[in-house]
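The values are calculated or read from the model by the stated rules, or taken from the named source; none is laboratory data. Being a predicted model, the structure only gives us computed values, none of them experimental. Cβ sites come from the backbone with ideal geometry, for glycine too, and all protein chains shown count toward neighbours. Please note that ligands, DNA and RNA were not included when accessible areas were found on the heavy atoms of the full protein model with its side chains. Shrake-Rupley method; radii C 1.70, N 1.55, O 1.52, S 1.80 Å.
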Amino acid sequence: MIRIKIKNKTSHKVNKRLKNKARIRKKVDGSGERPRLCVFRSGRHIYAQIVDDSAGKTLVAYSTLEGNLDKKNVGSAKQVGQELGKRALGKNIKSVVFDRSGYVFHGRIKAVADGAREAGLSF
């Protein structure tokens, strides 16, 4: 069972996202044959990684910190998804489980998913 510690001083919005994240992670689990594509969105950047939960290892990762990408827009999020998909296909990862980490499937989160699908990942 996955437990996420919610601090007392975090905002209501963050607490709500963390509760959603815990509920999603009960159902979504990455295995060796179908790893988990996890997305994190900060104020400036977007990070995506493909994780094998059974081994506890990150297989592929990419973010707006790498390369010359604009930090805070939907286009750069789509490029993150495309580059992550290319790197995953290079390591023979073709299907993943998408973990939106409690965020609404809209905007930059959706753009990462669309970019990964365009690159060839299936989920």
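On the stretch given as the stretch 25-66, residues that are touching a Pro at 6+ places or on another chain (Cβ under 8 Å) and either among the β-branched types (V, I, T) or at pLDDT below 90 (or both) total 3. Any chance the stretch 92-109 includes a residue that's hydroxyl-bearing (S, T, Y), touching a helix residue (DSSP H, G or I) at 6+ places or on another chain (Cβ under 9 Å) and touching a residue at least 60 places away in the same chain (Cβ under 8 Å)? Yes, some residue in the stretch 92-109 is hydroxyl-bearing (S, T, Y), touching a helix residue (DSSP H, G or I) at 6+ places or on another chain (Cβ under 9 Å) and touching a residue at least 60 places away in the same chain (Cβ under 8 Å).
Taking the residues in the stretch 46-79 that are in contact with a helix residue (DSSP H, G or I) (Cβ under 6 Å, 6 or more places away or on another chain) and open to solvent by less than 50 Å² (accessible area, probe 1.4 Å) as candidates, determine which candidate is farthest from I24 (Cα to Cα). Going through the qualifying residues, I end up with L69. Looking at K26, is it open to solvent by 50 Å² or more (accessible area, probe 1.4 Å) and assigned to a helix (DSSP H, G or I)? Judged against the criteria, K26 is a match.
Contact map, the stretch 22-43: first residue farther than 19 Å from S122 by Cβ, second residue in a helix (DSSP H, G or I) and not small (G, A, S), Cβ cut-off under 9 Å, separation 6 or more or different chains; pairs are R41/R108; R41/I109; R41/V112. The set of residues in the stretch 29-43 being open to solvent by 40 Å² or more (accessible area, probe 1.4 Å) and closer than 20 Å to A111 by Cβ consists of F40, R41, G43.
Inspect the stretch 100-111 for any residue being aromatic (F, W, Y) and within 12 Å of the chain's Cα centre (by Cα) and give the result as yes or no.
For the stretch 100-111, residues aromatic (F, W, Y) and within 12 Å of the chain's Cα centre (by Cα): present.
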